[in-house]
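Chemist: Here it is: the structure, laid out below.
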Amino acid sequence: MPDTSRHISGSQAEQSAIKAPSPIFEPNLSDQFGRKITYLRLSVTDRCDLRCTYCMAEKMTFLPKADVLSLEEIFTLAQAFIQRGVRRIRLTGGEPLVRKNILWLLKKIGNEVKAGHLDEVTLTTNGTQLPHMAADIYAAGVRRVNVSLDTLDARKFEGITRRSKLETVLDGIQAAKAAGLSVKINTVAMRGKNEAELPSLFQWAINNELDMTLIETMPLGETDQRREADYLPLSAVLPKLEDIHTLTPTPEGTGGPARYFTVEGSKQKLGIITPLSNNFCDGCNRVRVTCTGRIYMCLGQDDHVDLRQALRSSEPAAGLRKCLDKAMGHKPRGHNFSMSNGKMVGELQRHMSQTGG
Ligand code: SAM
Ligand code: SF4
């Protein structure tokens with residue numbers, strides 16, 4: 001069994017200090033509403049080995065590889081954010097674990113955690129690569145992963161993801177736990193697709209000591225499907241979970257769009273993300289950077305600032321500083337997603353897989 005403690009031994013810390021020289025800290029990022037930006041979601045690829053119906057079309061046009069930042073460039077960006085007060089970084093995509101040499105980047109950012117420059121590095125993954133990567137991910141310094149899973153039924157899984165990889169994902173979740181990673185399940189609630197299964201899926205998560213977050217589907221990108229047909233407000237799901245469990249809201253938050261509940265008799269937590277029926281943007285502490293180096297200040301808005309030019313200029317530090325200050329001035333109060341007369345409002349052409357979920 002690997003050592004699951006968070007303690008870093010003296011020699012490890014010394015090694016990390018050598019590998020991760022102290023950054024020169026600069027004024028922290030803070031937006032026009034006074035919200036401190038301490039959390040970065042960093043997309044490392046727009047590619048994926050699944051084709052979830054709410055996320056992608058079957059035939060996706062992916063970005064030309066030449067447009068995608070190198071891993072070294074992504075690490076330079078991560079450092080620039082750390083210098084500006086970001087304390088948590090989540091790698092995402094597309095599927096982050098299909099990016100070649102991703103472990104190199106995880107180790108580099110993991111060293112920033114070991115050196116105390118960052119509180120944590122985490123991942124959002126579909127789980128298909130976890131069976132063979134979980135132990136290396138832990139060794140790189142990751143302690144928590146979010147795994148997306150919408151159903152435990154193999155036929156439905158294939159219907160939702162257009163691939164038959166349920167067993168691999170379940171093996172991946174077990175491999176992650178065995179490696180010492182704490183796992184949270186992300187589940188998109190879909191009317192008529194996994195709606196009836198949500199109480200048993202939640203029970204499965206509890207039985208397997210997994211936290212779970214339910215998400216309402218958002219109108220991001222063209223996917224060959226009518227979005228409204230899938231939409232299931234979580235206000236219709238919670239009472240069904242409450243028939244079985246005593247859920248108590250907790251004030252705990254991550255500065256994100258989720259609200260959390262404790263579950264009586266269990267150590268697990270339930271999270272809900274309700275962008276359409278009830279948004280929680282007020283305390284937003286995050287920004288997202290795409291694999292081409294665009295910073296989006298809000299998942300649900302199109303406004304962005306291009307960091308790639310600055311990154312590739314002769315004075316990247318000064319250029320990035322300017323770009324990040326500009327981005328802060330443009331971070332909106334919140335997104336515009338909502339439902340109106342049975343129609344989704346606030347639709348964007350950009351796919352979730354491009355921005356990084
Ligand atoms: N491939 C990884 C995964 O699936 O976990 C990471 C990227 S994926 C875009 C991140 C999260 O976004 C997943 O939990 C997925 O279920 C969610 N997602 C994708 N498209 C969505 C949409 N249109 N509405 C709501 N959630 C979405
Ligand atoms: Fe791939 Fe994740 Fe999008 Fe599913 S949600 S298609 S796994 S990027």
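Chemist: Please state which one of C284, C298 is touching a His at 6+ places or on another chain (Cβ under 8 Å), modelled with pLDDT under 95 and not in a helix (DSSP H, G or I). Talk me through it step by step, then tell me what you get.
Modeler: Numbers: C284 fails: touching a His at 6+ places or on another chain (Cβ under 8 Å).
It is C298.
Chemist: Would it be correct to say that H330 is within 16 Å of ligand 2 (Cβ to nearest atom) and open to solvent by 20 Å² or more (accessible area, probe 1.4 Å)? Give the steps one after another, and end with the answer.
Modeler: Numbers: within 16 Å of ligand 2 (Cβ to nearest atom): no; open to solvent by 20 Å² or more (accessible area, probe 1.4 Å): yes.
Spelling it out, it is not the case that H330 is within 16 Å of ligand 2 (Cβ to nearest atom) and open to solvent by 20 Å² or more (accessible area, probe 1.4 Å).
Chemist: Restricting to segment 52-86, give me the number of residues that are within 17 Å of the chain's Cα centre (by Cα) and not in a helix (DSSP H, G or I).
Modeler: 5
Chemist: What are the pairs with Cβ atoms under 6 angstrom where one residue, in segment 187-212, is within 20 Å of Y54 (Cβ to Cβ) and the other, located anywhere, is hydroxyl-bearing (S, T, Y)? Sequence gap at least six, or different chains.
Modeler: Note: pairs meeting the criteria are V188/Y54; V188/T217; N194/T151; E197/T151.
Chemist: Only one of L77, L105, L69 is within 25 Å of Y138 (Cα to Cα), within 16 Å of ligand 1 (Cβ to nearest atom) and either open to solvent by less than 10 Å² (accessible area, probe 1.4 Å) or of a type in the set (D, E, K, R) (or both). Can you tell me which? Before you say what the answer is, go through the steps one by one.
Modeler: Values: L77 fails: within 16 Å of ligand 1 (Cβ to nearest atom); L69 fails: within 16 Å of ligand 1 (Cβ to nearest atom).
That would be L105, the only listed residue that is within 25 Å of Y138 (Cα to Cα), within 16 Å of ligand 1 (Cβ to nearest atom) and either open to solvent by less than 10 Å² (accessible area, probe 1.4 Å) or of a type in the set (D, E, K, R) (or both).
Chemist: Restricting to segment 239-254, give me the number of residues that are open to solvent by less than 30 Å² (accessible area, probe 1.4 Å) and at pLDDT below 90. I'd like the intermediate steps shown before the answer.
Modeler: Applying the first criterion (open to solvent by less than 30 Å² (accessible area, probe 1.4 Å)) to segment 239-254 yields 241, 245, 247, 250.
Subsequent filtering for residues that are at pLDDT below 90 retains none.
Summing the residues that are open to solvent by less than 30 Å² (accessible area, probe 1.4 Å) and at pLDDT below 90 in segment 239-254 gives 0.
Chemist: Oh, and also: I want to confirm something. Restricting to segment 217-229 and keeping residues that are in contact (Cβ under 8 Å) with a residue 24 or more places away in the chain and away from ligand 2 (no atom under 14 Å from the Cβ), which single residue is nearest to the chain's Cα centre (by Cα)?
Modeler: Applying the filter and picking the extreme gives P219.
Chemist: Quick one: E95 ticks every box in (1) touching a helix residue (DSSP H, G or I) at 6+ places or on another chain (Cβ under 8 Å); (2) surrounded by 23 or more Cβ atoms within 10 Å (Cβ to Cβ) except a single one, so which number is it?
Modeler: Going through the list (1) touching a helix residue (DSSP H, G or I) at 6+ places or on another chain (Cβ under 8 Å); (2) surrounded by 23 or more Cβ atoms within 10 Å (Cβ to Cβ), E95 breaks only (1).
Chemist: Shifting gears a bit: So is I89 assigned to a helix (DSSP H, G or I) and under 17 Å from the mean Cα position of the chain (by Cα) or not?
Modeler: Values: assigned to a helix (DSSP H, G or I): no; under 17 Å from the mean Cα position of the chain (by Cα): yes.
In short, no.
Chemist: Could you say whether any residue in segment 277-286 is crowded, with 21+ Cβ neighbours inside 10 Å and hydrophobic (A, V, I, L, M, F, W, C)? First the steps, then the outcome.
Modeler: We begin by selecting, within segment 277-286, every residue crowded, with 21+ Cβ neighbours inside 10 Å; these are 284, 286.
Then drop every residue that is not hydrophobic (A, V, I, L, M, F, W, C), which leaves 284.
Yes, that holds for at least one residue.
Chemist: Moving on. Here are some conditions: (1) on the phi > 0 side of the Ramachandran plot; (2) open to solvent by 30 Å² or more (accessible area, probe 1.4 Å); (3) touching a helix residue (DSSP H, G or I) at 6+ places or on another chain (Cβ under 9 Å). A236 meets all but one. Which one does it not meet?
Modeler: (1) is the only condition that A236 fails.
Chemist: If you don't mind, another one. Take V147 and tell me if it is within 13 Å of ligand 2 (Cβ to nearest atom), open to solvent by less than 20 Å² (accessible area, probe 1.4 Å) and not in a loop (DSSP other than H, G, I, E, B). Lay out the reasoning, then the answer.
Modeler: Values: within 13 Å of ligand 2 (Cβ to nearest atom): yes; open to solvent by less than 20 Å² (accessible area, probe 1.4 Å): yes; not in a loop (DSSP other than H, G, I, E, B): yes.
It is true that V147 is within 13 Å of ligand 2 (Cβ to nearest atom), open to solvent by less than 20 Å² (accessible area, probe 1.4 Å) and not in a loop (DSSP other than H, G, I, E, B).
Chemist: Identify, by number, the condition in (1) within 22 Å of the chain's Cα centre (by Cα); (2) at pLDDT 95 or above; (3) surrounded by 14 or more Cβ atoms within 10 Å (Cβ to Cβ) that P257 doesn't meet.
Modeler: Tallying (1) within 22 Å of the chain's Cα centre (by Cα); (2) at pLDDT 95 or above; (3) surrounded by 14 or more Cβ atoms within 10 Å (Cβ to Cβ), P257 fails exactly one: (2).
Chemist: Scanning segment 266-276 for residues that are closer than 19 Å to V183 by Cα and either in a loop (DSSP other than H, G, I, E, B) or not small (G, A, S) (or both), which turns out least open to solvent (accessible area, probe 1.4 Å)? Don't jump to the end; show me each part of the working.
Modeler: First pass over segment 266-276, keeping only residues closer than 19 Å to V183 by Cα: 266-273.
With either in a loop (DSSP other than H, G, I, E, B) or not small (G, A, S) (or both) added as a condition, the list becomes 266-270, 272-273.
Values: S266: 35, K267: 187, Q268: 23, K269: 59, L270: 0, I272: 16, I273: 33 Å².
My answer is L270.
The values are calculated or read from the model by the stated rules, or taken from the named source; none is laboratory data. Keep in mind that what you see is a predicted model, and the values were worked out from it rather than measured. Using ideal geometry, Cβ is built from the backbone for each residue, glycine included, and neighbour counts are taken over all protein chains shown. Note: accessible area is taken over every heavy atom of the protein model, side chains too, but ligands, DNA and RNA are not part of it. Shrake-Rupley method; radii C 1.70, N 1.55, O 1.52, S 1.80 Å.
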